[in-house]
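Below is one structure, written out as structure tokens; comments come after it.
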Amino acid sequence: MTPYTYTGAKLRTIAFPIGGIGTGCFSMSGHGELVDWEIFHRPNKLSLLPNTFFSIWTRTAAGATDARVLQKWPDPPFIGDVGGRNYYGFGFGVRRETGAGLKHLRDVRFRGEYPFAWLDFDDPTLPVRVTLMAYNPFIPLNVDDSGLPVGIFEFTVTNPGVSAVDISIAASLFNAVGYRGHGAFSYVEHGEFRGTGEHNYNRFVQDGTLSAITMHSEVYTPDVPYGGSMALATTWPDISWQTAWLRGAWFDSLQVFWDEFSTTGRLNDRAYPDPTPKNSSDTSALALHAHLEPGQTIKLPLHIAWHFPNFIKYWSDSYSPADRLITWRVPYASRFNDALHVARYTADNEARLRHETQMFHAALFNSTLPVPVIDALSSQMSILKTTTVTLLEDGSFYGFEGVHAEAGCCEGSCNHVWNYALTHAYLFPGLERSMRHNDYTYNMHPDGRLTFRLSLPLGTQPYDFHPAADGQMGGIMQMYRDWKISGDTDWLRGLWPRVQQALEYAWRYWDYNQDGVMEGLQHNTYDIEFYGPNSMMESWYLGALRCGAIMARALGDDEAATRYETLAGTGSAWTETNLFNGEYYEQRIDPEAVHHSPLSTDISLGGQRPDNPKYQYGSGCLSDQIIGAWMARVAGIGHILDRDHTRQTLRSIYTYNYRPNLFDHNNAQRVYALADEAGLLLCTWPRGGRPDLPFVYSDEIWTGVEYQVAGHLIYEGLVEEGLSLVRSLRARYDGERRNPWNELECGSHYARALASWSLLLALSGFEYDLTTHHIGFSPALPERPLRCFWSTGTGWGMVEFTTDQVTLRCDYGQQTIATFYADHAAVQAVQAAGVPVAASFTARGGGTLVRLSVPVTLHPHETLVCQL
């Protein structure tokens with residue numbers, strides 16, 4: 001089977017997100033359905049828009065006509081909607097919103113290489129071959145063009161026969177303006193949806209080469225909640241259209257549409273003078289026509305655009321009448337007036353948008369890294385295009401942890417979950433920096449305590465709850481990483497006083513005696529508190545101290561830097577002596593820890609003082625036990641714990657926590673893997689001593705933790721062990737068992753899975769410091785040639801290692817280089833943009849540090865070549 005390709009039963013769970021960053025999305029199913037309509041700024045899993053599907057009509061030279069819905073037939077069972085999202089519910093047969101009872105195609109092959117999906121339809125009775133390509137622009141560093149509210153489709157139709165064929169491709173789209181964004185539609189056969197649509201209308205528009213049907217409401221206009229517009233558009237010249245399907249009773253609408261289209265392949269316009277009554281809406285259709293000679297291939301373009309400018313804060317205190325809803329304008333509303341404007345921009349720029357997206361796709365997928373790694377990287381970056389993520393009115397980034405069926409899961413850009421996320425920091429670093437800005441500007445209490453969930457609207461008083469030790473310390477490390485990947489020291493200087501306050505808050509709460517060890521009560525990503533010292537929280541603290549020292553010294557505060565370095569040294573030494581048991585690091589449970597936490601009485605535990613605290617791990621082997629050391633490698637500060645102990649700990653985690661199958665594993669908690677599936681448990685107790693009630697989630701398997709451990713294994717030279725974790729993880733998301741573009745934890749599209757980007761960083765050995773214009777590579781794989789993607793805050797492209805040279809190519813943006821590290825001891829000469837460059841060569845480790853006599857700046861298509 002071709003990599004990234006799905007057929008047969010492995011099509012069943014596929015839902016491939018199509019939408020922009022912060023715009024919402026819909027998804028393409030493995031069969032070709034448009035599902036999960038989440039363009040209304042909230043999750044809406046399993047939703048279908050009534051009467052919304054693609055279809056094809058053909059006429060042979062002999063005059064034989066045929067019409068099909070451009071989908072594979074639905075899979076069993078055919079007993080009705082067991083999920084409760086169909087108005088008719090269980091027992092009323094297959095959901096028919098997408099024309100399930102009309103003629104379909106027999107098979108389809110789905111190839112998904114995010115952000116592109118290709119569906120090759122197959123039916124021996126169809127006289128043409130059809131491939132559908134779908135995507136939304138994904139251009140690293142370009143947030144605006146990666147944040148377009150549009151789905152772009154291209155139908156490639158080939159006539160393989162010996163006589164001519166006439167074809168039509170029709171797209172039908174329901175006007176959902178006024179829809180609340182969740183809940184089932186009712187009476188779908190005549191476009192009714194309860195309590196929402198009112199006075200909706202559609203219009204056909206020709207704007208130069210663009211033809212479109214636009215969809216509006218007289219009541220839900222763009223200036224009110226739930227208001228906006230939609231558009232179905234094409235630049236194909238030979239078209240017919242139907243502004244509205246028949247407004248009929250029972251099944252009249254679909255019946256009449258299908259009878260007309262299947263007979264002639266053309267649509268007769270139907271435009272009603274009056275808008276739809278309350279609680280109903282129209283379906284429109286646009287058909288593209290072509291004549292194909294034998295052997296001819298054509299490409300038919302189609303766009304679905306939307307424009308819902310008002311984000312409604314639907315959680316917490318926002319369940320109130322419409323006049324009291326908390327709303328804000330989404331960023332794309334400041335760029336576009338309506339959906340037609342989006343469609344016009346897309347059509348005018350689609351060649352460039354596709355080219356730049358294809359450049360990124362090529363740089364990523366033409367890599368020689370193992371297929372499961374590229375699969376993990378690409379599939380999980382789709383999280384950025386789902387309703388897990390939104391953009392606030394000022395363009396800053398805001399994320400849920402994940403999404404449930406109709407609402408986000410755990411709001412507030414939760415810092416102890418987004419701690420793991422890396423992808424956006426390397427592809428859209430400006431968005432990542434906006435998270436740091438919002439955290440330190442709006443999310444900090446006067447004493448330095450960070451609330452681990454950001455309150456909205458921005459400027460709202462942070463809620464009063466104890467901080468997460470891992471989230472607060474991890475934020476310091478992320479601040480360091482974002483500074484180094486951007487090179488923006490002015491940005492660091494502006495936030496430094498608050499960053500420093502957040503770091504030193506540890507001395508009031510966790511490291512109360514300032515000995516470099518966290519002894520206090522430590523809330524964490526497992527939604528509980530750890531009592532006493534443990535290497536998970538300690539490694540975050542040590543990493544924060546090391547990063548803090550470097551940042552302080554760069555800003556001229558040598559006194560603070562020295563203090564942080566001293567604490568990191570004493571804390572690290574204590575950890576090695578007291579927590580490392582020869583195989584891995586343990587937790588030293590201390591029931592008295594609560595006494596050392598000044599906030600414990602009024603916030604943490606309501607005054608409780610348990611002598612035997614629940615939800616600890618003690619002598620257990622925790623998969624996250626040295627997560628701060630992983631982030632230290634990602635950020636480029638090296639080892640923060642003993643190198644040999646780190647390596648041994650990772651071996652122990654792999655040996656004890658990785659299970660090739662789960663037949664003998666008991667899990668009373670949430671189940672994300674089972675039976676014959678392999679995975680990495682969050683914790684085991686190989687030396688005994690499992691508490692009666694260990695920390696919650698301990699028996700679960702989280703993909704974000706698996707990626708974290710896999711990346712760290714690779715960093716420490718345990719490459720095969722790391723890759724085996726990735727292979728087994730992605731095998732669980734094979735299209736049949738689970739959706740490859742939706743890794744689950746507490747909900748769908750869970751942000752922790754963005755830790756997958758560390759696989760690329762570790763395998764390429766990527767190092768960066770844009771404050772000094774330095775980048776370099778130390779690949780973990782010996783194969784040559786070796787190619788992989790790279791990115792910084794200013795540019796991205798591909799690097800290639802052969803036996804005689806290292807070539808860094810810039811594809812987008814620009815990259816200034818003063819020093820370059822190549823993991824080869826015999827670098828002899830350097831060329832930049834084809835011109836020899838004077839440089840000095842210094843041995844460093846097993847490689848060579850190349851120092852250019854004058855920094856060079858690479859622009860698109862230019863290369864830096866180091867001859868070996």
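Out of curiosity, is Y541 open to solvent by less than 40 Å² (accessible area, probe 1.4 Å), among the aromatic types (F, W, Y) and closer than 21 Å to S413 by Cβ?
So Y541 does not fit the description; no.
Hey, does the range 88-98 have a residue that's modelled with pLDDT under 95, within 30 Å of G161 (Cβ to Cβ) and buried (at least 19 other Cβ atoms within 10 Å of the Cβ)? Let's see the steps before the verdict.
Here is the first cut: in the range 88-98, the ones modelled with pLDDT under 95 are 88-98.
In the following step, the residues that additionally are within 30 Å of G161 (Cβ to Cβ) were identified as 98.
Narrowing further to those that are buried (at least 19 other Cβ atoms within 10 Å of the Cβ): 98.
Looking through the range 88-98, at least one residue is modelled with pLDDT under 95, within 30 Å of G161 (Cβ to Cβ) and buried (at least 19 other Cβ atoms within 10 Å of the Cβ).
Find the residue count for the range 87-132, including only residues that are within 15 Å of I14 (Cα to Cα) and among the hydrophobic types (A, V, I, L, M, F, W, C).
Result for the range 87-132: 6.
Mind counting the residues in the range 588-621 that are in a loop (DSSP other than H, G, I, E, B), open to solvent by less than 40 Å² (accessible area, probe 1.4 Å) and modelled with pLDDT of 95 or more?
5
For the range 697-711, does any single residue satisfy the condition of being out of contact with any Lys or Arg (no Cβ under 8 Å at 6 or more places or on another chain), open to solvent by 30 Å² or more (accessible area, probe 1.4 Å) and either more than 30 Å from G19 (Cα to Cα) or not basic (K, R) (or both)?
So far as the range 697-711 goes, no, none of its residues is out of contact with any Lys or Arg (no Cβ under 8 Å at 6 or more places or on another chain), open to solvent by 30 Å² or more (accessible area, probe 1.4 Å) and either more than 30 Å from G19 (Cα to Cα) or not basic (K, R) (or both).
Tell me whether the range 305-315 contains one or more residues that are part of a loop (DSSP other than H, G, I, E, B) and over 28 Å from the mean Cα position of the chain (by Cα).
Here is the first cut: in the range 305-315, the residues part of a loop (DSSP other than H, G, I, E, B) are 308-309, 313-315.
Add one more test, that the residue is over 28 Å from the mean Cα position of the chain (by Cα), and what stays is none.
Scanning the range 305-315 turns up no residue that is part of a loop (DSSP other than H, G, I, E, B) and over 28 Å from the mean Cα position of the chain (by Cα).
Check the range 49-58 and report whether any residue there is at pLDDT below 95, closer than 30 Å to E393 by Cα, open to solvent by less than 10 Å² (accessible area, probe 1.4 Å) and not aromatic (F, W, Y).
Yes - at least one qualifying residue is present in the range 49-58.
Within the range 222-232, which residues are open to solvent by 40 Å² or more (accessible area, probe 1.4 Å) and either assigned to a strand (DSSP E or B) or closer than 16 Å to S280 by Cα (or both)?
Y226
Hey, among the residues in the range 774-826 that are in contact (Cβ under 8 Å) with a residue 40 or more places away in the chain and among the charged types (D, E, K, R), which one's nearest to E721 (Cα to Cα)?
E783
For the range 546-559, enumerate the residues that are more than 37 Å from the chain's Cα centre (by Cα) and either buried (at least 24 other Cβ atoms within 10 Å of the Cβ) or part of a helix (DSSP H, G or I) (or both).
Result: D558, E559.
At pLDDT 95 or above, open to solvent by 40 Å² or more (accessible area, probe 1.4 Å) and within 40 Å of the chain's Cα centre (by Cα), is that true of K299? Write out each step before concluding.
Values: at pLDDT 95 or above: yes; open to solvent by 40 Å² or more (accessible area, probe 1.4 Å): yes; within 40 Å of the chain's Cα centre (by Cα): yes.
Spelling it out, K299 is indeed at pLDDT 95 or above, open to solvent by 40 Å² or more (accessible area, probe 1.4 Å) and within 40 Å of the chain's Cα centre (by Cα).
Going by the conditions given, is V671 in contact with a strand residue (DSSP E or B) (Cβ under 8 Å, 6 or more places away or on another chain) and either assigned to a loop (DSSP other than H, G, I, E, B) or open to solvent by less than 10 Å² (accessible area, probe 1.4 Å) (or both)?
Spelling it out, it is not the case that V671 is in contact with a strand residue (DSSP E or B) (Cβ under 8 Å, 6 or more places away or on another chain) and either assigned to a loop (DSSP other than H, G, I, E, B) or open to solvent by less than 10 Å² (accessible area, probe 1.4 Å) (or both).
Have a look at A731, A755 and point out the one that is hydrophobic (A, V, I, L, M, F, W, C) and either open to solvent by less than 10 Å² (accessible area, probe 1.4 Å) or more than 20 Å from I374 (Cβ to Cβ) (or both).
The unique qualifying residue is A755.
In the range 446-463, which residue that is in contact with a Pro (Cβ under 8 Å, 6 or more places away or on another chain) and hydroxyl-bearing (S, T, Y) is surrounded by the fewest Cβ atoms within 10 Å (Cβ to Cβ)?
Across the range 446-463, the extreme among qualifying residues is S455.
Could you list, in sequence order, the residues of the range 562-587 that are crowded, with 19+ Cβ neighbours inside 10 Å and either touching a strand residue (DSSP E or B) at 6+ places or on another chain (Cβ under 7 Å) or of a type in the set (S, T, N, Q) (or both)?
Result: S572, T575, L579, Y584, Q587.
Among what's in the range 233-285 and is among the β-branched types (V, I, T) and part of a helix (DSSP H, G or I), pick the residue that is most open to solvent (accessible area, probe 1.4 Å).
Keep residues of the range 233-285 that are among the β-branched types (V, I, T), which gives 234-235, 239, 243, 256, 263-264, 276, 283.
Now drop any that are not part of a helix (DSSP H, G or I), which leaves 256, 263-264.
On the way: V256: 44, T263: 92, T264: 71 Å².
If we take residues in the range 233-285 being among the β-branched types (V, I, T) and part of a helix (DSSP H, G or I), then T263 is most open to solvent (accessible area, probe 1.4 Å).
Restricting attention to the range 99-114, and to residues there that are part of a loop (DSSP other than H, G, I, E, B) and either modelled with pLDDT of 95 or more or not aliphatic (A, V, I, L, M) (or both), which single residue is surrounded by the most Cβ atoms within 10 Å (Cβ to Cβ)?
Restricting attention to the range 99-114, the residues satisfying the condition of being part of a loop (DSSP other than H, G, I, E, B) are 99-104, 106, 114.
Remaining after also requiring either modelled with pLDDT of 95 or more or not aliphatic (A, V, I, L, M) (or both): 99, 101-104, 106, 114.
Values: G99: 22, G101: 13, L102: 17, K103: 15, H104: 22, R106: 13, Y114: 24.
Filtering first and then ranking leaves Y114.
Considering only residues of the range 115-151 that are in a strand (DSSP E or B) and under 19 Å from the mean Cα position of the chain (by Cα), which is farthest from G20 (Cα to Cα)?
In the first step, residues of the range 115-151 are kept if they are in a strand (DSSP E or B); the result is 116-122, 129-135, 150-151.
Checking which are under 19 Å from the mean Cα position of the chain (by Cα) leaves us with 116-117, 134-135, 150-151.
Details: F116: 13, A117: 15, A134: 13, Y135: 10, V150: 7, G151: 9 Å.
Among those that are in a strand (DSSP E or B) and under 19 Å from the mean Cα position of the chain (by Cα), it is A117.
State which residue is modelled with the lowest pLDDT when the search covers only the range 60-80 and only residues that are within 34 Å of the chain's Cα centre (by Cα) and surrounded by fewer than 19 Cβ atoms within 10 Å (Cβ to Cβ).
G80
Restricting attention to the range 772-802, which residues are of a type in the set (A, V, I, L, M) and outside any loop (DSSP other than H, G, I, E, B)?
I775, L786, M798, V799
Looking only at the range 175-198, how many residues end up being open to solvent by 50 Å² or more (accessible area, probe 1.4 Å) and either at pLDDT 90 or above or under 32 Å from the mean Cα position of the chain (by Cα) (or both)?
Matching residues across the range 175-198 total 2.
Restricting attention to the range 829-868, which residues are surrounded by 14 or more Cβ atoms within 10 Å (Cβ to Cβ), more than 21 Å from T792 (Cβ to Cβ) and free of Cβ contacts under 8 Å to residues at least 60 places away in the same chain?
A829, F841
Need pairs with beta-carbon distance below 8 Å; first residue closer than 21 Å to A9 by Cβ and within the range 29-46, second among the basic types (K, R); sequence gap 6+ or separate chains.
G30/K10; G30/R12; G30/K72; H31/K72; G32/K72; D36/K45; L46/R85
Of all residues in the range 769-801, how many are open to solvent by 50 Å² or more (accessible area, probe 1.4 Å) and farther than 19 Å from S486 by Cα?
Residues that pass the stated criteria total 6.
Could you list all residues from the range 466-498 that are farther than 25 Å from Y509 by Cβ and among the basic types (K, R)?
K484, R493
Let's see how each residue does on (1) without any contact (Cβ under 8 Å) to a residue 24 or more places away in the chain; (2) hydrophobic (A, V, I, L, M, F, W, C); (3) open to solvent by 20 Å² or more (accessible area, probe 1.4 Å):
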| site | (1), (2), (3) |
| --- | --- |
| H303 | no, no, no |
| S316 | no, no, yes |
| R344 | no, no, yes |
| A351 | yes, yes, yes |
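The values are calculated or read from the model by the stated rules, or taken from the named source; none is laboratory data. It should be emphasised that the depicted structure is a prediction, and the values quoted were computed from it without experimental measurement. We place every Cβ from the backbone using ideal geometry, glycine too, and count neighbours over all the protein chains shown. The area values use the complete protein model at the heavy-atom level, side chains included, leaving out ligands, DNA and RNA. Shrake-Rupley method; radii C 1.70, N 1.55, O 1.52, S 1.80 Å.
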